[in-house]
Amino acid sequence: MTDHASGAGDAPEQIDLVAHRSWDHIGSFRYLLADDTWEWSDAVAILHGYEPGTVHPTVELMLQHKHPDDKEQLAKLFTAVRMSGAPFSSRHRIIDTKGTVKHVAVVGSQLRGDHGEILGTTGFYLDVTDEIEDEVRGGVDDAVAALAETRAVIDQAKGMLMAVYAISAQRAFEVLAWRSQETNIKLRALAEQLVREVTSGSATEAISRSTFDHLLMTLHQRVPEV
């Protein structure tokens with residue numbers, strides 16, 4: 001798996017994507033149940049300190065990179081994923097090949113075949129190392145205000161991501177932009193679908209973290225055709 005630009009979005013959004021693009025902060029992964037194999041995009045390999053294409057990730061290798069205080073919890077998570085391709089989300093620390101501690105948010109959703117069968121797990125890593133706690137708290141407050149005061153659908157979607165994952169506006173935009181590139185669907189269309197699904201039905205009820213993770217990773221399947 002490699003990170004790439006697929007040309008999603010109309011011209012104004014493309015310009016915006018180029019201006020904000022920081023793909024070193026986000027990358028994808030995939031786990032296949034049939035042969036018990038993991039795949040990393042180039043960005044995830046680099047995040048761990050490896051040159052792209054020089055390492056084949058395994059559970060053992062990934063656990064070596066987890067912070068000692070987070071390792072036991074993540075070992076259990078890996079077991080659940082390997083048994084059933086279980087969806088998950090986690091915010092934890094990794095240690096790259098140079099010994100640098102990095103904070104990451106990782107989201108995985110079930111990977112299904114054409115007939116609904118579970119093939120494994122697919123998702124993304126987001127490097128949030130440089131997110132200062134005070135800025136994150138302020139960002140979440142800003143996100144809540146944005147949801148109430150702005151009509152800009154992309155800002156609303158960013159606000160949701162900021163609140164759920166405790167990340168900055170820039171990182172939230174990068175997640176949306178990455179999903180746009182990965183699915184070849186306009187960023188605005190994905191944002192509209194996310195806002196529509198989160199706020200529809202019982203709009204005043206908070207959705208669970210796992211439900212939000214699933215919505216985010218499968219939005220492209222439900223974006224209306226135009």
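The values are calculated or read from the model by the stated rules, or taken from the named source; none is laboratory data. For clarity, every value in this text was computed on a predicted model and none was experimentally measured. Note: ideal-geometry Cβ built from the backbone for every residue, glycine included; neighbour counts use all protein chains shown.
Points to keep in mind about this one:
A quick yes/no check of all residues on (1) surrounded by 17 or more Cβ atoms within 10 Å (Cβ to Cβ); (2) out of contact with any Phe, Trp or Tyr (no Cβ under 9 Å at 6 or more places or on another chain); (3) free of Cβ contacts under 8 Å to residues at least 12 places away in the same chain:
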| position | (1), (2), (3) |
| --- | --- |
| 65 | yes, yes, no |
| 69 | no, yes, no |
| 74 | yes, yes, no |
| 89 | yes, no, no |
| 96 | no, no, no |
| 101 | no, yes, no |
| 112 | no, yes, yes |
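- Residue within region 196-209 that is under 18 Å from residue 87 (Cβ atoms), of a type in the set (D, E, K, R) and modelled with pLDDT under 85 present: yes
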